[in-house]
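Novice: Dropping the structure in here first, questions after.
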2 protein chains.
Amino acid sequence: MGNDYRPMWESLGLDLEAHDQLLNVLPPTYGDVYLKQENRPDKMEYFDFVINEIHGLRIQELQEHKAKGGKVVGAYCVFVPEEIVRAAGGILVGLCSGVEIGSAQTEKVLPKNICSLIKSFMGFKLARVCPYLESCDLIVGETTCDGKKKAFEILNDYVPVHVLEIPQMRREKDRQFWFGELQDFLKTIEEYTGKKITPESLRRSIKEVNAKRRALLRLNELRKNGLLPISGKDSLLIEQIAMYDDVDRFTSQVNGLCEELERRVGEGKGVNKPDAPRIILTGTPMAIPNWKVSHLIESSGAVIVAEEMCTGLRYFENLVPEEGESVDQMLRFIADRYIKTNCACFTPNEGRTEELVRLAKDYKANGVINCSLIFCDPYMIEANRVENTLKDHGIPLLRIETDYGQEDSGQLKTRIEAFIEMIKG
Amino acid sequence: MGNDYRPMWESLGLDLEAHDQLLNVLPPTYGDVYLKQENRPDKMEYFDFVINEIHGLRIQELQEHKAKGGKVVGAYCVFVPEEIVRAAGGILVGLCSGVEIGSAQTEKVLPKNICSLIKSFMGFKLARVCPYLESCDLIVGETTCDGKKKAFEILNDYVPVHVLEIPQMRREKDRQFWFGELQDFLKTIEEYTGKKITPESLRRSIKEVNAKRRALLRLNELRKNGLLPISGKDSLLIEQIAMYDDVDRFTSQVNGLCEELERRVGEGKGVNKPDAPRIILTGTPMAIPNWKVSHLIESSGAVIVAEEMCTGLRYFENLVPEEGESVDQMLRFIADRYIKTNCACFTPNEGRTEELVRLAKDYKANGVINCSLIFCDPYMIEANRVENTLKDHGIPLLRIETDYGQEDSGQLKTRIEAFIEMIKG
């Protein structure tokens, strides 16, 4: 990192020693997974920079925002509407994390048999090593799964958590309930920020967040090409950074990258061999620095063409209509947009399996890899529905259950290589 | 069993060979756990008979009910209102089961890392060994946990399942949502049974189910005595049988037993040594024949005075007001009663921890044993809240995580004995 951020980290109450250890892990991993890729687009430089400054420059920006009276709101889920937070002058940051941390502290409050993502976010809090979390004025939790729902009760012992109740079905009355939940959320955000949300501010933030989505959609559209102008790993990285970077800058950088990628496509430049099997990745979200499975897949001669997950298409595939007039009307559009997210928390969740079939066709995929975090009941069980549907459509599927550890990498590599060989033949 | 029920089982489509194996397991277990108890009340004879006839007489009654045009509705949760099913002339039977079964079949559709209860009910269906399940015209599922919620999607491949959406909080709008959910449920039941629910039929069924609850409350009241007239194991058995036995007969039998128990109290007759430590059991439900932990506790010199669980107090501790006039008003009373259930599906669920403190006082308990099924996130995580609250009130707690296997019995026994020694001292 460029500057000396230690005084800032200290003022945020971080455990500097533990934090140093964490920061020492990231660069070698990133070097291995990202910087050794051949034929990378030049414009990936910005995203490399963002990762390099992950606990530096962006945190400094959050502090400057707070110094001017702005609020920072943290979330662990793509159901938390960024539009509402921004319309009240707040910044929303995604807090999910993809690394084992603070296990000793975490296992005092949480069971061992719980998914890595939840252990990780609790570990970051208890070990005091996440400057994003420590910058937050409010955490917004949600009820998407039992693990998170109940872990937020414990997290609330350490930091204020407002929990959004996500309905478990998507019938008309569930949509109505969800709309009411967002009406309450809007009031909560107004109270926390001390700023009234107006039709103007909400319309502006809808447009800004849509612009981010459009940039990501533009990027993803380019991944439908036979010769891919960008790797799946780089795409995942961008989708991860989308969750906490400055919205306007990020949008502009992604659009800049897309210009380069469009040129590449025109010039017939790509990152893959033309016959490389094309994979769609689906399942539980992959938070920074969880690049394990993507790296294994792309190191095995395949390319990932789309991520049907929360760190992926679900984050940006639907826009909020921009023609709303009143706050309530816009809120209705927001509610309708977010409830389309094909999370396994819904029963049933046919939208996801139908989407997978559609994506496999649109992205000319040769196979799907369904990757669940171990102990994630919604996705582990829903894998059965995915399996049945893909079988009906003759789309090959590999099911993986893994965690944030590296112990299973060898075994996963063998299974992924075998799957890729199988779909090649 | 008294009669030859094989033709009936065959007509229900059971796998007779697998079913024989299952039935061979129960009697020796029951003999060891129940029949060897000293100083049992005479009136336990009825409940021994019910267990002896578990797949016999009661199933025959269900078939006779169906032959007369009645419907049988199965449920896996105490949130499913028996009053509504009965008011339409139906019979509600609890289908939760407490034994490992059909693992080979189940692991083809469900992940391995899932709680025993869910594996068990799926196993009973896939192995075709549960005459209750095979007697059901409709299964009512619910969204109390991720595992069940998602497993019902798979169960629905084999038998029609209507899923009740349980809200995840208990604010006014959640209560309103729940009321609406029961309004829809009432219509579903009317459609399935072809019978209109009237104020008269609903009032009658409210009274009948309340009578069952009052009998169980009367029984539990007797467990507050220093000298217990009945063991915890026998009480648990009765609470388990409550879920599927004929309501009126069961009520009358429990009241008959209570008369004997009241005499015993008067005569100073009990099942425990006066200095035996008194334990409250709390956590995940214990379905027949899951008597493992209760047996370990009571074989270690302690007595169980109450079960703060769904197979226990939560099933009967709140009555539905009987003075409702319209169906809608009664339905409102029913909704309000059921949502009081202190299930760990709610966030927060302070009602449960407050109740535990109250129970410990009322039942003069020396300690609490919190028993969760392994992989049950809601209860495993909520154990932290239980631990904190009981610590604040100086109530000793032992936390156990177990499954339906017997492999951990030795280790559990050691831990339970150590806990009992500790609270004695």
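Novice: Residues that are of a type in the set (Gly, Ala, Ser), away from every other protein chain (no Cβ under 14 Å), on the phi > 0 side of the Ramachandran plot and in a loop (DSSP other than H, G, I, E, B): does segment A:326-336 have at least one?
Specialist: Step one: filter segment A:326-336 for residues of a type in the set (Gly, Ala, Ser), giving A:326, A:335.
Next, from what is left, pick out any that are away from every other protein chain (no Cβ under 14 Å): A:326, A:335.
Pick out the ones that are also on the phi > 0 side of the Ramachandran plot and you get none.
No: zero hits.
Novice: A follow-up question, please. Can you go through A:ALA360, A:ALA418, A:ALA383 and tell me which one is surrounded by fewer than 22 Cβ atoms within 10 Å (Cβ to Cβ) and assigned to a helix (DSSP H, G or I)?
Specialist: Just one listed residue meets the conditions, A:ALA418.
Novice: Under the condition of being in a loop (DSSP other than H, G, I, E, B) and without any contact (Cβ under 8 Å) to a residue 60 or more places away in the chain, which residue from segment B:144-159 is most open to solvent (accessible area, probe 1.4 Å)? Break it down stepwise before answering.
Specialist: Step one: of segment B:144-159, the residues in a loop (DSSP other than H, G, I, E, B) are B:144-145, B:156-159.
This time we only want the ones that are without any contact (Cβ under 8 Å) to a residue 60 or more places away in the chain, so: B:156-159.
Working: B:ASN156: 80, B:ASP157: 85, B:TYR158: 109, B:VAL159: 11 Å².
Step by step, filter segment B:144-159, then rank; the result is B:TYR158.
Novice: Does segment B:221-243 include one or more residues that are farther than 25 Å from B:HIS295 by Cα, among the acidic types (Asp, Glu) and modelled with pLDDT of 95 or more? Let's see the steps before the verdict.
Specialist: Looking only at segment B:221-243, we keep the residues that are farther than 25 Å from B:HIS295 by Cα, and these are none.
Within segment B:221-243, not a single residue is farther than 25 Å from B:HIS295 by Cα, among the acidic types (Asp, Glu) and modelled with pLDDT of 95 or more.
Novice: Sticking with this structure for a sec: Which members of segment B:129-143 meet the condition of being open to solvent by less than 20 Å² (accessible area, probe 1.4 Å) and more than 20 Å from B:VAL109 (Cβ to Cβ)?
Specialist: Passing the criteria: B:PRO131, B:TYR132, B:SER135, B:LEU138, B:VAL140.
Novice: In addition: Just to be sure, is A:ALA365 part of a loop (DSSP other than H, G, I, E, B) and either closer than 27 Å to A:PRO274 by Cα or at the interface with another protein chain (Cβ under 10 Å from one of its Cβ atoms) (or both)? Write out each step before concluding.
Specialist: Values: part of a loop (DSSP other than H, G, I, E, B): yes; either closer than 27 Å to A:PRO274 by Cα or at the interface with another protein chain (Cβ under 10 Å from one of its Cβ atoms) (or both): yes.
Answer is yes for this residue.
Novice: Does A:LYS340 count as open to solvent by 10 Å² or more (accessible area, probe 1.4 Å), more than 14 Å from chain B (Cβ to nearest Cβ), basic (Lys, Arg) and more than 29 Å from A:PRO274 (Cβ to Cβ)? Can you show your working first?
Specialist: Details: open to solvent by 10 Å² or more (accessible area, probe 1.4 Å): yes; more than 14 Å from chain B (Cβ to nearest Cβ): yes; basic (Lys, Arg): yes; more than 29 Å from A:PRO274 (Cβ to Cβ): yes.
For A:LYS340, the condition - open to solvent by 10 Å² or more (accessible area, probe 1.4 Å), more than 14 Å from chain B (Cβ to nearest Cβ), basic (Lys, Arg) and more than 29 Å from A:PRO274 (Cβ to Cβ) - is met.
Novice: Which condition from (1) touching a residue at least 24 places away in the same chain (Cβ under 8 Å); (2) more than 17 Å from A:VAL72 (Cα to Cα); (3) within 21 Å of the chain's Cα centre (by Cα) is the one that A:THR198 breaks?
Specialist: The single condition A:THR198 does not satisfy is (3).
Novice: Mind listing just one residue for me: the one in segment A:93-109 that is part of a loop (DSSP other than H, G, I, E, B) and within 22 Å of A:LEU138 (Cβ to Cβ) and, of those, nearest to the other protein chains (Cβ to nearest Cβ)? Working first, answer last.
Specialist: Within segment A:93-109, the first condition is being part of a loop (DSSP other than H, G, I, E, B), and the residues that meet it are A:95-102.
Checking which are within 22 Å of A:LEU138 (Cβ to Cβ) leaves us with A:95-97, A:102.
Numbers: A:LEU95: 18, A:CYS96: 17, A:SER97: 19, A:GLY102: 16 Å.
Filtering first and then ranking leaves A:GLY102.
Novice: Still on this model: Search segment A:117-148 for residues being farther than 26 Å from A:ASN342 by Cβ and aliphatic (A, V, I, L, M), and hand back the single one that is nearest to the other protein chains (Cβ to nearest Cβ). Write out each step before concluding.
Specialist: At the first step, the residues of segment A:117-148 found to be farther than 26 Å from A:ASN342 by Cβ are A:122-138.
Now restrict to residues that are aliphatic (A, V, I, L, M): A:122, A:126-127, A:129, A:133, A:138.
Details: A:MET122: 10, A:LEU126: 13, A:ALA127: 18, A:VAL129: 21, A:LEU133: 19, A:LEU138: 17 Å.
Among residues in segment A:117-148 that are farther than 26 Å from A:ASN342 by Cβ and aliphatic (A, V, I, L, M), the one nearest to the other protein chains (Cβ to nearest Cβ) is A:MET122.
Novice: Test A:GLY123 against the criterion of being under 29 Å from A:LEU23 (Cβ atoms) and either touching a residue at least 60 places away in the same chain (Cβ under 8 Å) or part of a loop (DSSP other than H, G, I, E, B) (or both), and give yes or no. Spell out how you get there, then give the answer.
Specialist: Numbers: under 29 Å from A:LEU23 (Cβ atoms): yes; either touching a residue at least 60 places away in the same chain (Cβ under 8 Å) or part of a loop (DSSP other than H, G, I, E, B) (or both): no.
In short, no.
Novice: Could I ask something else about it? Considering only segment B:277-286, state which residues are in a strand (DSSP E or B) and open to solvent by 10 Å² or more (accessible area, probe 1.4 Å). Quick ask: steps written out before the conclusion?
Specialist: Going through segment B:277-286, the residues in a strand (DSSP E or B) turn out to be B:278-283.
Matches in segment B:277-286: B:ARG278 only.
Novice: Could you pull out the residue among A:GLY74, A:GLY90, A:GLY69 that is within 24 Å of A:PRO289 (Cα to Cα) and modelled with pLDDT of 95 or more?
Specialist: Working: A:GLY90 fails: within 24 Å of A:PRO289 (Cα to Cα); A:GLY69 fails: within 24 Å of A:PRO289 (Cα to Cα).
Testing whether each residue is within 24 Å of A:PRO289 (Cα to Cα) and modelled with pLDDT of 95 or more leaves just A:GLY74.
Novice: Go through segment B:337-346 and count every residue that is among the small types (Gly, Ala, Ser) and outside any loop (DSSP other than H, G, I, E, B). Let's see the steps before the verdict.
Specialist: Going residue by residue through segment B:337-346, those that are among the small types (Gly, Ala, Ser) are B:344.
Cutting the leftovers down to outside any loop (DSSP other than H, G, I, E, B) gives us none.
Final tally of qualifying residues: 0.
Novice: Something else: Output the residue which, of all residues in segment B:287-334 that are crowded, with 21+ Cβ neighbours inside 10 Å and small (Gly, Ala, Ser), is farthest from the chain's Cα centre (by Cα).
Specialist: Going through the qualifying residues, I end up with B:ALA302.
Novice: Okay, moving on. Which one of these does B:LEU237 not meet: (1) out of contact with any strand residue (DSSP E or B) (no Cβ under 7 Å at 6 or more places or on another chain); (2) more than 23 Å from B:TYR76 (Cβ to Cβ); (3) crowded, with 24+ Cβ neighbours inside 10 Å?
Specialist: (2)
Novice: Kindly establish whether B:CYS371 is within 14 Å of another protein chain (Cβ to nearest Cβ) and farther than 24 Å from B:ILE206 by Cα. Steps first, please.
Specialist: Working: within 14 Å of another protein chain (Cβ to nearest Cβ): yes; farther than 24 Å from B:ILE206 by Cα: yes.
When the stated conditions are applied, B:CYS371 passes them.
Novice: Sticking with this one: Away from every other protein chain (no Cβ under 13 Å), open to solvent by 20 Å² or more (accessible area, probe 1.4 Å) and at pLDDT 95 or above: does that describe B:GLY410?
Specialist: Numbers: away from every other protein chain (no Cβ under 13 Å): yes; open to solvent by 20 Å² or more (accessible area, probe 1.4 Å): yes; at pLDDT 95 or above: yes.
For B:GLY410, the condition - away from every other protein chain (no Cβ under 13 Å), open to solvent by 20 Å² or more (accessible area, probe 1.4 Å) and at pLDDT 95 or above - is met.
Novice: Return the residues of segment B:160-194 that are in a loop (DSSP other than H, G, I, E, B), open to solvent by less than 10 Å² (accessible area, probe 1.4 Å) and among the hydrophobic types (A, V, I, L, M, F, W, C); say none if nothing qualifies.
Specialist: Hit for segment B:160-194 is B:ILE166, nothing else.
Novice: Exactly one condition in (1) within 11 Å of chain A (Cβ to nearest Cβ); (2) touching a Lys or Arg at 6+ places or on another chain (Cβ under 7 Å) is not met by B:ILE166; state its number.
Specialist: With respect to (1) within 11 Å of chain A (Cβ to nearest Cβ); (2) touching a Lys or Arg at 6+ places or on another chain (Cβ under 7 Å), B:ILE166 is out only on (2).
To keep it simple, each residue is scored yes or no on (1) modelled with pLDDT of 95 or more; (2) touching a helix residue (DSSP H, G or I) at 6+ places or on another chain (Cβ under 7 Å).
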| residue | (1), (2) |
| --- | --- |
| A:ASN318 | yes, yes |
| A:PHE333 | yes, no |
| A:ARG337 | yes, no |
| A:ASN370 | yes, yes |
| A:TYR379 | yes, no |
| A:ASP403 | yes, yes |
| A:GLY425 | no, no |
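Novice: Which one is least open to solvent (accessible area, probe 1.4 Å), of the residues in segment B:363-380 that are farther than 28 Å from B:LYS148 by Cβ and not small (Gly, Ala, Ser)? Steps first, answer last, please.
Specialist: Of segment B:363-380, the ones farther than 28 Å from B:LYS148 by Cβ are B:363-367.
Next, from what is left, pick out any that are not small (Gly, Ala, Ser): B:363-364, B:366.
On the way: B:TYR363: 11, B:LYS364: 115, B:ASN366: 64 Å².
This residue is B:TYR363.
Yes/no matrix, rows are residues, columns are (1) more than 30 Å from B:GLU407 (Cα to Cα); (2) open to solvent by 10 Å² or more (accessible area, probe 1.4 Å); (3) basic (Lys, Arg); (4) outside any helix (DSSP H, G or I):
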| position | (1), (2), (3), (4) |
| --- | --- |
| B:ARG204 | yes, yes, yes, no |
| B:ASN220 | yes, no, no, no |
| B:ILE230 | no, no, no, yes |
| B:ASP248 | yes, yes, no, no |
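Novice: Moving to a separate point now. Please work out which residue is most open to solvent (accessible area, probe 1.4 Å), limiting yourself to segment A:386-397 and to residues that are over 21 Å from B:THR143 (Cα atoms) and assigned to a helix (DSSP H, G or I).
Specialist: A:LYS391
Novice: Still on this model: Among the residues of segment B:250-276, which ones are farther than 26 Å from B:LEU390 by Cα and assigned to a loop (DSSP other than H, G, I, E, B)? Outline the logic, then answer.
Specialist: Initially, segment B:250-276 is screened for residues farther than 26 Å from B:LEU390 by Cα, giving B:250-271.
Across segment B:250-276, the qualifying residues are B:GLY268, B:LYS269, B:GLY270, B:VAL271.
Novice: Only residues that are among the aliphatic types (A, V, I, L, M) and surrounded by 20 or more Cβ atoms within 10 Å (Cβ to Cβ): list them for segment A:73-99, please. Let's see the steps before the verdict.
Specialist: First, the residues of segment A:73-99 that are among the aliphatic types (A, V, I, L, M): A:73, A:75, A:78, A:80, A:84-85, A:87-88, A:91-93, A:95, A:99.
Answer for segment A:73-99, where residues must be among the aliphatic types (A, V, I, L, M) and surrounded by 20 or more Cβ atoms within 10 Å (Cβ to Cβ): A:VAL73, A:ALA75, A:VAL78, A:VAL80, A:ILE84, A:VAL85, A:ALA87, A:ALA88, A:ILE91, A:LEU92, A:VAL93, A:LEU95.
The values are calculated or read from the model by the stated rules, or taken from the named source; none is laboratory data. Treat the numbers as computed from the prediction; the structure is a model and nothing was measured. A quick note on method: Cβ atoms are made from the backbone with ideal geometry, for glycine too, and the neighbour counts reach across all protein chains shown. Side chains included, ligands, DNA and RNA excluded: accessible areas come from the protein's heavy atoms. Shrake-Rupley method; radii C 1.70, N 1.55, O 1.52, S 1.80 Å.
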